[in-house]
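Input: a single structure, listed below in structure tokens.
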Amino acid sequence: MIVKLLVRGMLVGLIAGLLAAAFAYTVGEPRIDQAIALEEAAAAASPAGSHSHEAAEPAEHSHDDGEELVSRNGQRFGLFLALALYGLAVGGLFALAYAAVRGRVGPASEPALAITLAAAAFTAIVLVPFVKYPANPPAVGDPETIDQRTVLYLVAVAIGILAVAAGTATYRYVSQSEPWLRWLAAGAAVLVPVAAAWILLPKINEVPKGFPADLLWDFRIASIGTQAVFWLGVGALFAFAARKRSPV
């Protein structure tokens with residue numbers, strides 16, 4: 001039954017989300033702390049830093065003792081909560097997509113199909129946008145361009161999804177050809193729109209001068225690593241469940 005498959009997907013997504021949160025907490029949070037320290041140091045060194053801090057103080061604090069509205073510990077808890085909820089939602093959608101393509105597209109083996117679908121989702125939703133618009137830590141990015149950056153990122157996600165769909169359709173269309181020709185045609189169908197987007201979409205580089213390159217690199221690796229852990233968890237856990245379950 002589809003309900004059973006949906007529940008299984010949500011449970012898998014929840015576990016994968018918690019695994020990704022543990023990775024982000026261990027690898028990503030120290031980089032965020034370093035970036036916040038740089039941001040605070042730059043604000044303090046700014047000529048208007050003292051005045052800006054005084055003006056912003058009522059909005060940034062919830063008590064008279066200077067305690068921040070959301071502490072770093074609260075933000076870390078929010079990281080686990082957000083990724084758990086994200087996992088629930090994405091796991092459910094993954095289960096629906098799995099049910100839609102099972103027996104129609106991809107490997108005949110259900111565990112292999114789960115891993116292939118997770119890899120395709122990671123490529124379309126994470127990897128393609130990341131190549132053009134990688135994640136940035138605090139202190140990087142102009143607040144006035146956030147709307148533009150959000151729209152461009154969503155466009156990149158849409159292009160990634162369409163590119164993977166085009167590759168899948170091409171693979172099916174040339175299914176009677178030699179295996180190497182099918183994979184070559186499917187790869188070209190994915191890479192051509194991605195390359196066109198790379199060339200045509202505007203470049204955004206708002207990294208301030210003097211920002212440590214190693215910190216930027218480490219943060220971006222932690223960011224895509226978190227998503228890789230999530231999708232690896234979804235694919236592997238769903239494949240394990242599919243291996244043992246009876247037909248739905």
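What follows draws every value from the coordinates through simple rules; no lab data is involved. Because the structure is predicted, anything quoted here is derived from the model rather than measured. Cβ coordinates were reconstructed from backbone atoms using ideal geometry, including for glycine residues, and neighbour counts include every protein chain displayed.
Of note:
- Label-to-label distance, nm, for residues given as residue 105 and residue 154 (7 Å Cα→Cβ offset): 2.3 nm
- Kirkwood Rh in Å, taken over segment 99-146 so that all alpha-carbon pairs contribute: 13.3 Å
- For the chain, excluding the exposed loop sites themselves (GluC sites (Glu not before Pro), DSSP loop, at most 15 other Cβ atoms within 10 Å), the longest remaining stretch covers 68-205.
- Projecting the Cα atoms of 217, 186, 230 onto the charge dipole of segment 174-230, computed from C-beta unit charges around the Cα centre, puts 186 farthest toward the positive end.
- Measuring max minus min along each principal axis, the C-alpha atoms of segment 130-172 give extents of 46, 17, 10 Å (largest first).
- Put the Cα centre of segment 161-200 next to the Cα centre of segment 89-113 and the gap is 19 Å.
- When only the Cβ of Lys, Arg, Asp and Glu is charged (+1, +1, -1, -1), the dipole of segment 83-161 relative to its Cα centre reaches about 300 debye.
- Summed side-chain charge close to residue 133 - residues other than residue 133 whose Cβ falls under 12 Å, Lys, Arg +1, Asp, Glu -1: +3
- Efficiency of FRET between residue 29 and residue 203 - r from beta-carbon atoms, R0 30 angstrom, step 0.05: 0.55
- Peptides 100-108, 227-235, 84-92 ordered by average Cβ neighbours within 10 Å, highest first: 227-235, 84-92, 100-108
- Listed from fewest to most Cβ neighbours within 10 Å, the set 182, 243 follows the order 243, 182.
- Here 109, 71 are placed in order of increasing Cβ neighbour count within 10 Å, fewest first, which gives 71, 109.
- Net charge dipole, the chain: roughly 2100 debye, given to the nearest 20, about the Cα centre with Cβ charges of +1 for Lys and Arg and -1 for Asp and Glu.
- Residue among 140, 94, 74 farthest towards the positive dipole end of the chain, charges placed on Cβ: 94
- The modelled label-to-label distance for the pair residue 93/residue 191, using points 7 Å beyond Cα in the direction of Cβ, is 2.8 nm.
- Hydrodynamic radius (Kirkwood) for segment 111-248, which is based on Cα pairs only, to one decimal in Å: 17.0 Å
- Seen from all directions on average, segment 102-188 presents a Cα convex hull projection of 7.0 nm².
- Fluctuation leader among 145, 226, 170 - the chain, Gaussian network, Cα springs under 10 angstrom: 145
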